[in-house]
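The values are calculated or read from the model by the stated rules, or taken from the named source; none is laboratory data. The structure displayed is predicted, hence computed values, not measured ones. Cβ atoms come from the backbone with ideal geometry, glycine included; neighbour counts cover every protein chain shown. Surface areas here come from the heavy atoms of the whole protein model, side chains and all, with no ligands, DNA or RNA. Shrake-Rupley method; radii C 1.70, N 1.55, O 1.52, S 1.80 Å.
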Number of protein chains: 2
Amino acid sequence: MTDDPSGTDPSTTDADPRVGAVDRASAVDSGTDASSRAFVPGHVTGFFSAHPDENPRSAGSRGAGIALAEGVEVSVVPADGDELPSRSGSTDPSPIDVRLNGEGADIEPVEAVLSALDATPRTAGVEVETDLPVGAGFGVSGAAALGTALAVNDAFACGRSENELVAVAHVAEVEAGTGLGDVVAQARGGIPIRIEPGAPGYGSLDGVPATGRIEYVSFGELSTAAVLSEDTAGLSAAGERALSTLRDDPTLSTLLASSRRFAREAGLLVPEVAEAIDLVDDAGGEAAMGMLGRTVIALGDGLSAAGYDPDVTRIHQAGARLL
Amino acid sequence: MTDDPSGTDPSTTDADPRVGAVDRASAVDSGTDASSRAFVPGHVTGFFSAHPDENPRSAGSRGAGIALAEGVEVSVVPADGDELPSRSGSTDPSPIDVRLNGEGADIEPVEAVLSALDATPRTAGVEVETDLPVGAGFGVSGAAALGTALAVNDAFACGRSENELVAVAHVAEVEAGTGLGDVVAQARGGIPIRIEPGAPGYGSLDGVPATGRIEYVSFGELSTAAVLSEDTAGLSAAGERALSTLRDDPTLSTLLASSRRFAREAGLLVPEVAEAIDLVDDAGGEAAMGMLGRTVIALGDGLSAAGYDPDVTRIHQAGARLL
């Protein structure tokens, strides 16, 4: 039994026999031989409690969410290839170009990862590509940071372990204020439950064992930094109650129900999302708000059945990985 | 970006809109609507140290290995479906049939998982299918136990979390004496490093961030129980040295090198495997012995280049999962 439903395992056409070499089968296919690539699933949080700490490895959140097959791909292309975007005439002190969906971008946690892995003195291009909405609670910044950590480690043979790379990305995200728990959840995949906050070695995770189709609609952004800069005591108390409920019954249905209650109790529910949740419920489905965004997610075809035109994805059972 | 190179995401044809229902798209495709299915990657250990303990959740091994895309699929079919093998006239006290590749089988850790999940009073069939050699160091028994835990939990709505299911399978494997570390490694996937022994909540894992093609040849079985019943002090000292070496340089090449040294120092190297490792080395490749079996694995096309006719698979970047 091979876990490859497509039957198109690229290993059978792998023309690179170099021992110890990173596998280049996929890169050869796409014509970018010199790049290292990583995929990181999107992640929508249903509920959370915030746990700031002076040590950014200990800081983080408790909570739960869903990793999505729709995610972020990061490619790192070293400069000795032909693929490096031209930098002639640039006065930018960093020799690394970061692009998001083809446009020059300043993604603070990505820059922090490059710095932490001592990659900035090297010359490379970092390409971040995603079909997910940015800033709407899908964990794009965390995914960009974690994908950059994996791909840079591979491209420049930094010699870090997986846990170390997850920690570097988690710290970058926490210090940038763009998220508290997406990175460790995206490293695990599936339906991660963040039992204790923090990077590997500090936090701990469990998961809801389930799979299935997910639909989502995003009505726009909600600032993570703005919410987290307010008094989060009430929010966190609601998040801890939701976590306790889910740990007593680790199922998808209970995740959605406790997430709906959290959004109300934490005062985060926005009108468009509240209306969508009600309409999905009226149609016999189950939905919840994605934290932190003006985003609604539903199980199965819940949003379609309620008359929306949602994006469709699936629960992604695997964590972040090199391609 | 979607992590689905085949472009055949079954979610887009999912005809089951039931809210909270386990996704049945794959089952519908294969015509077995009532079954719950799980895939667990194979796992080859390169080196290990044994850590027995009176508490089977604390017992386990340190070490490292490689999760393989070739693995084990477990299907659980409740009796109210048509698919249950007929048991009329049977005097077997267990109402659950366990089959391995279509033949009735007595897999002790699978029976233990069924008992731990209180599944034995229910009527069902458990089908375990694999193309991997059995008893040759590919973790088939651990995969069967973990896949059974995931599929039974899903089929009978047992309400256990992922960590609990991994713990149930780990305990079943440890108590059966069929393995010490495969289950936790197979739950993680990739190239797991077992830093501390034991089930989730007791042990801890890291990983080597790498991917690529793997070849293997198996010359037959080596009894895990027989090796583990001997004095393992020398073996474990060699395993601890190898772990320290790998943690200093968590790369594929160092995993293979420290595994070769472990096999020699632990006195486990068998002649066919030693010869294959040498021939792969002569051809410019890298190979190591799979513990515990008369098995050799190589990176890339190492065994082909050395004149063998190996099985071909890949490093499997994901852990065990429901299908």
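Criterion applied to A:Val128, A:Val152 was being in contact with a helix residue (DSSP H, G or I) (Cβ under 8 Å, 6 or more places away or on another chain), part of a strand (DSSP E or B) and under 18 Å from A:Val77 (Cβ atoms), and the one residue passing it is A:Val128.
Which residue is nearest to A:Ala119 (Cα to Cα), if the candidates are limited to the stretch A:146-164 and must be surrounded by fewer than 24 Cβ atoms within 10 Å (Cβ to Cβ) and without any contact (Cβ under 8 Å) to a residue 40 or more places away in the chain? Top of the filtered list is A:Ala157. Taken together, B:Ser94, B:Ser90 contain a single residue that is modelled with pLDDT under 95 and open to solvent by 30 Å² or more (accessible area, probe 1.4 Å), which is B:Ser90. Among the candidates B:Val184, B:Val134, the residue that is closer than 15 Å to B:Ala67 by Cα, touching a helix residue (DSSP H, G or I) at 6+ places or on another chain (Cβ under 9 Å) and either outside any helix (DSSP H, G or I) or of a type in the set (Val, Ile, Thr) (or both) is uniquely B:Val184. Of the listed requirements (1) open to solvent by less than 10 Å² (accessible area, probe 1.4 Å); (2) more than 14 Å from A:Ala124 (Cβ to Cβ); (3) away from every other protein chain (no Cβ under 11 Å), A:Ala167 misses just one: (3).
Taking the stretch A:141-189 as the range and being farther than 22 Å from A:Pro52 by Cβ and β-branched (Val, Ile, Thr) as the test, the residues that pass are A:Thr148, A:Val152. For the stretch A:163-181, a residue qualifies if it is part of a helix (DSSP H, G or I) and either at pLDDT below 95 or not small (Gly, Ala, Ser) (or both), and the qualifying residues are A:Asn163, A:Glu164, A:Leu165, A:Val166, A:Val168, A:His170, A:Val171, A:Glu173, A:Val174, A:Glu175, A:Ala176.
When the stretch B:202-215 is filtered for residues that are at the interface with chain A (Cβ under 7 Å from one of its Cβ atoms), closer than 16 Å to B:Glu240 by Cα and assigned to a loop (DSSP other than H, G, I, E, B), nothing remains.
Taking the listed residues B:Ala119, B:Ala124, B:Ala136, the one that is of a type outside the set (Lys, Arg), modelled with pLDDT under 90 and closer than 23 Å to B:Val312 by Cβ is B:Ala136, with no other qualifying. Checked against (1) charged (D, E, K, R); (2) within 14 Å of chain B (Cβ to nearest Cβ); (3) over 21 Å from A:Gln186 (Cα atoms), A:Arg264 passes all but condition (2). Within the stretch A:209-238, the set of residues being touching an Asp or Glu at 6+ places or on another chain (Cβ under 8 Å), surrounded by fewer than 20 Cβ atoms within 10 Å (Cβ to Cβ) and under 29 Å from A:Val312 (Cα atoms) comprises A:Phe219 only.
Here is a yes/no grid of residues against (1) at the interface with chain B (Cβ under 9 Å from one of its Cβ atoms); (2) under 16 Å from A:Ala320 (Cα atoms); (3) touching a His at 6+ places or on another chain (Cβ under 6 Å):
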position	(1), (2), (3)
A:Asp118	no, no, no
A:Ala124	no, no, no
A:Asp154	yes, yes, no
A:Ala157	yes, no, no
A:Glu162	yes, yes, no
A:Gln186	no, yes, yes
A:Gly190	yes, yes, no
A:Pro200	yes, yes, no
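Collect the residues in the stretch B:216-250 that are in contact (Cβ under 8 Å) with a residue 24 or more places away in the chain, more than 14 Å from chain A (Cβ to nearest Cβ) and among the aliphatic types (A, V, I, L, M), keeping them in residue-number order. Across the stretch B:216-250, the qualifying residues are B:Val217, B:Leu222, B:Ala225, B:Val227, B:Leu228, B:Leu235, B:Ala237, B:Ala238, B:Ala242.
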